[in-house]
């Protein structure tokens, strides 16, 4: 074999190996990577937001349908009942999405994020008291939403910690900017000026 041909084959082989070694399709997360975990964390957050929104709609449709039992015409009652049933179907689809997203988090999350995710699922407000089918009063329902928001914040912070989004102790400039931003936000929230 010609020495020039063998050198050419080695060069082409090395170039192909280098090209294939660095090949990583855009938008495709590697299993177990930070991108994979971030996708599953975002999916759970999106699913929880969706289920909470659909449950709010179902809560008010259910309340309106219960209030319409004797007061309005049969057409109006039938319309409200149909709206309630449509809201129920949307809500159950959202529940399925939450459970699928939770399984994705269970697959790749460390223990602290998984605990916060499970607490978030438990904190999703219910439109009725456990063991009964009676609709909650609106004030209790809104208080349950506040506790869900706290659980969502805890989950988000645990996910940020796992993905190393929070500044490390040696990132002094980043920590300084974050403190400055929080002070400015607190001042604006209290009614001060920038």
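Every read-out reported here was derived from the displayed coordinates using simple, explicitly stated rules and does not represent laboratory data. All values derive from a computational prediction rather than experimental measurement. Every residue, glycine among them, receives a Cβ derived from its backbone with ideal geometry; neighbour counts consider all protein chains shown.
Considering each residue of the stretch 102-112 in turn, none proves to be exposed (fewer than 11 other Cβ atoms within 10 Å of the Cβ) and on the phi > 0 side of the Ramachandran plot. Output yes when any residue across the stretch 171-193 is within 30 Å of residue 60 (Cβ to Cβ), out of contact with any strand residue (DSSP E or B) (no Cβ under 6 Å at 6 or more places or on another chain), in a helix (DSSP H, G or I) and touching a residue at least 60 places away in the same chain (Cβ under 8 Å), and no when none is. Within the stretch 171-193, none of the residues are within 30 Å of residue 60 (Cβ to Cβ), out of contact with any strand residue (DSSP E or B) (no Cβ under 6 Å at 6 or more places or on another chain), in a helix (DSSP H, G or I) and touching a residue at least 60 places away in the same chain (Cβ under 8 Å).
Is it the case that some residue within the stretch 124-143 is assigned to a helix (DSSP H, G or I), closer than 17 Å to residue 44 by Cβ and touching a residue at least 12 places away in the same chain (Cβ under 8 Å)?
no
When 48, 105 are checked against the criterion of being closer than 23 Å to residue 135 by Cα and in contact (Cβ under 8 Å) with a residue 40 or more places away in the chain, 48 stands alone in meeting it.
From the list 147, 139, the one residue that fits, being surrounded by 10 or more Cβ atoms within 10 Å (Cβ to Cβ) and either within 30 Å of residue 64 (Cα to Cα) or in contact with a strand residue (DSSP E or B) (Cβ under 9 Å, 6 or more places away or on another chain) (or both), is 147.
Take the conditions surrounded by 13 or more Cβ atoms within 10 Å (Cβ to Cβ), farther than 19 Å from residue 144 by Cβ and over 29 Å from the mean Cα position of the chain (by Cα) and apply them to residue 86. Does it pass? No: the conditions fail for residue 86.
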